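Here is the structure we will look at, set down as structure tokens.
The values are calculated or read from the model by the stated rules, or taken from the named source; none is laboratory data. Since the structure is predicted, the reported quantities are computational estimates derived from the model, not experimental observations. Virtual Cβ from ideal backbone geometry, glycine too; neighbours counted across all protein chains shown.
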Amino acid sequence: MRIKDHPILSFAEGKKVEFTFEGKILTGKEGEPIAAALHDAGIRVLRHSPRHNRPRGFFCAIGNCSSCLMVVDGKPNVKVCVTPLQEGMRVQYQKGKGDINAAN
Amino acid sequence: MRQTDLAIIGAGPAGLAAALEAATAGAKVILLERDEWLGGQLVKQTHQFFGSKKEFAGMRGIDIATHFSEQIEKNKDIEVFTGATALGYYEDGVLTAAYSGRMLKIKPKTMLVASGAMEKMIPFNNNDLPGVYGAGAVQTLMNVYGVAPGKRVLMVGAGNIGLIVSYQLMQAGIEVEAIIEGSSQVGGYWVHASKIRRMGVPILTNHTILKAIGEEKVEGALITEIDENWKPLEGTEREVSVDNICLAVGLSPLAELLWQAGCQMEFSPQLGGYVPVRDEDLETSQEGIYIAGDVAGIEEATSAILEGQLAGISAARKMGFAVEDKKIEQIKENLKSLRAGPVGEHIRQGLAQVER
């Protein structure tokens, strides 16, 4: 959900871009972190922990905690909280610790 | 390999202030920043700062960040690398950083680590459930990107961050169920606390969280009253219906680079965890390595700016650039007056332990 009315801040409209999350087409603002666009779309689970398979989401937003590692355009372990969204990105859940050999 | 007088890691309030002071004294500066922008956590601080005019009181954090960035960009003696993550500092005096898919190698005469801090976590059941966010992350999401972190929030911690972020949540049209605080007193400034109370949000002291409720995401929280030994009081447990649990339970210094560089570290609860031992000019036990801001001990942006100025100017003086003693004394005086009074007591205690 986007914040519309704010007494101090105004948020730039930005350029709308389409990307996919697990094959589903979503829209977000170009250049915002992938995690912000996913959050706006109501997606809270960003990965599952490698050992106990527990759902994990957004946490630190500074690229420090590893809670938001996902596969982006085939590349695993991307910190989506600090990675800018681009048109046509393919965002997916990653299995376990991710497979770098699967990257294209 | 790049040569420079001073390499600064981190372009938050401390790093920016240091870069300007050192460059003013005549030093060539390389400024490395992991994020794509300058300003660090200032960019999400929409509240006006307290303190005295010369330390930007009355300005909002976001405007202070812009003020500094403009001066830095104009300054030809400061070379800025954004999207550059410092990796290590080695025995031969080489600093490495990952930048744009390659490795930067820098040989600085002096180095300043101003890498900041990260959110602390507290133990409770399901504390890894999506919807449990650090207060800094909540601020980033709503104040920088305009995305609501939830509809109804439980704030954990009534220090200044908990109070200020609660107020900012309400400004963004998000409900705050309550602020819970483990100790018997509000830790932040009373002026912030009264503002929150006037808006109808209860601040529950002697309360803690036992559990985040939900399967895939937060749907509620179980909270309880606690006694003076922080033990839950039987029969006081209750569920609150929230979709976000915001943790404002303190920060810990991001000191990895200092550990790796061999600086002597000491544990100080008052300063937020392990921090480097330093002298009064903010030089660590490793000659030529300086510190400033939250990595030196958790405080706030105004003290980070002053420490940045002090470390930047001290590093310049060490390299032989002409610096007026009066200026250094003035910065030290400003820091001292900022830390005076009861609010700064824990900082003074912490510093007494780690200053040599």
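List of remarks:
- Residue in segment A:84-98 that is farthest from residue A:29 (Cα to Cα), counting only those that are exposed (fewer than 13 other Cβ atoms within 10 Å of the Cβ) and among the small types (Gly, Ala, Ser): A:96
This table checks each residue for (1) assigned to a helix (DSSP H, G or I); (2) at pLDDT below 95; (3) more than 26 Å from residue B:302 (Cβ to Cβ).
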site: B:118; (1), (2), (3): no, yes, no
site: B:129; (1), (2), (3): no, no, yes
site: B:158; (1), (2), (3): no, no, no
site: B:167; (1), (2), (3): yes, no, no
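- Within segment A:1-49, the set of residues being part of a strand (DSSP E or B), within 18 Å of residue A:89 (Cβ to Cβ) and among the charged types (D, E, K, R) comprises A:16, A:18, A:24, A:29, A:47.
- Scan of segment B:338-353 for residues that are in a helix (DSSP H, G or I) and under 13 Å from residue B:307 (Cβ atoms), ordered by number: B:338, B:347, B:351
- Filtered residues of segment A:5-49 (kept if surrounded by fewer than 12 Cβ atoms within 10 Å (Cβ to Cβ), in contact with a Gly (Cβ under 8 Å, 6 or more places away or on another chain) and within 10 Å of chain B (Cβ to nearest Cβ)): A:5
- Test: residue in segment A:69-85 that is in a loop (DSSP other than H, G, I, E, B), at the interface with chain B (Cβ under 8 Å from one of its Cβ atoms), at pLDDT 95 or above and in contact with a Gly (Cβ under 9 Å, 6 or more places away or on another chain): yes
- Note on segment B:122-146: among residues that are more than 7 Å from every other protein chain (Cβ to nearest Cβ) and among the polar types (S, T, N, Q), the one that is surrounded by the most Cβ atoms within 10 Å (Cβ to Cβ) is B:139.
- Number of residues in segment A:1-41 that are among the basic types (Lys, Arg) and under 16 Å from the mean Cα position of the chain (by Cα) equals 4.
- Meets criteria (under 30 Å from residue B:183 (Cβ atoms), surrounded by fewer than 24 Cβ atoms within 10 Å (Cβ to Cβ) and in contact with a strand residue (DSSP E or B) (Cβ under 9 Å, 6 or more places away or on another chain)) for residue B:280: no
- Hey, residue B:345 acidic (Asp, Glu) and within 24 Å of residue B:22 (Cα to Cα) or not: no
- Qualifying residue in segment B:310-322 (condition: among the aliphatic types (A, V, I, L, M), assigned to a helix (DSSP H, G or I), touching an Asp or Glu at 6+ places or on another chain (Cβ under 8 Å) and under 18 Å from residue B:117 (Cβ atoms)): yes
- Looking across segment B:340-352, the residues that are modelled with pLDDT of 95 or more and surrounded by fewer than 17 Cβ atoms within 10 Å (Cβ to Cβ) come down to B:348, B:349, B:352.
- Note on segment A:1-29: residues that are closer than 25 Å to residue B:174 by Cβ, out of contact with any helix residue (DSSP H, G or I) (no Cβ under 6 Å at 6 or more places or on another chain) and at pLDDT 95 or above total 5.
- Residues that are within 14 Å of another protein chain (Cβ to nearest Cβ), farther than 17 Å from residue B:249 by Cα and touching a strand residue (DSSP E or B) at 6+ places or on another chain (Cβ under 8 Å) are absent from segment B:186-196 altogether.
- Test: residue in segment B:148-163 that is within 10 Å of chain A (Cβ to nearest Cβ), in contact with an Asp or Glu (Cβ under 8 Å, 6 or more places away or on another chain) and among the β-branched types (Val, Ile, Thr): no
- Residue B:259 being of a type in the set (Phe, Trp, Tyr), touching a Ser or Thr at 6+ places or on another chain (Cβ under 8 Å), within 28 Å of residue A:59 (Cβ to Cβ) and loosely packed, with under 15 Cβ neighbours inside 10 Å: no
- Of all residue pairs spaced 6 or more apart or on separate chains, those with beta-carbon atoms under 6 Å, a first member in segment B:1-23 that is in a loop (DSSP other than H, G, I, E, B) and a second member that is of a type in the set (A, V, I, L, M) and buried (at least 24 other Cβ atoms within 10 Å of the Cβ) are B:10/B:114; B:11/B:31.
- Residue selected from segment B:267-301 under the condition among the charged types (D, E, K, R) and at pLDDT 95 or above, by the criterion farthest from the chain's Cα centre (by Cα): B:287
Here's the yes/no breakdown for (1) within 27 Å of residue A:2 (Cβ to Cβ); (2) aliphatic (A, V, I, L, M); (3) in contact (Cβ under 8 Å) with a residue 60 or more places away in the chain; (4) more than 14 Å from chain A (Cβ to nearest Cβ):
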| position | (1), (2), (3), (4) |
| --- | --- |
| B:47 | yes, no, yes, no |
| B:71 | no, no, no, yes |
| B:76 | no, no, no, yes |
| B:81 | no, no, no, yes |
| B:88 | no, no, yes, yes |
| B:113 | no, yes, yes, yes |
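- Subset of segment A:50-61 that is part of a loop (DSSP other than H, G, I, E, B) and within 7 Å of another protein chain (Cβ to nearest Cβ) - its residue that is farthest from residue B:141 (Cα to Cα): A:54
- Checked against (1) closer than 26 Å to residue B:62 by Cβ; (2) surrounded by 20 or more Cβ atoms within 10 Å (Cβ to Cβ), residue B:181 meets all criteria but (1).
- Neighbours by Cβ (under 9 Å, 6+ apart or cross-chain): first from segment B:91-102, under 10 Å from residue B:81 (Cβ atoms); second of a type in the set (Phe, Trp, Tyr): B:97/B:81; B:99/B:81; B:100/B:81
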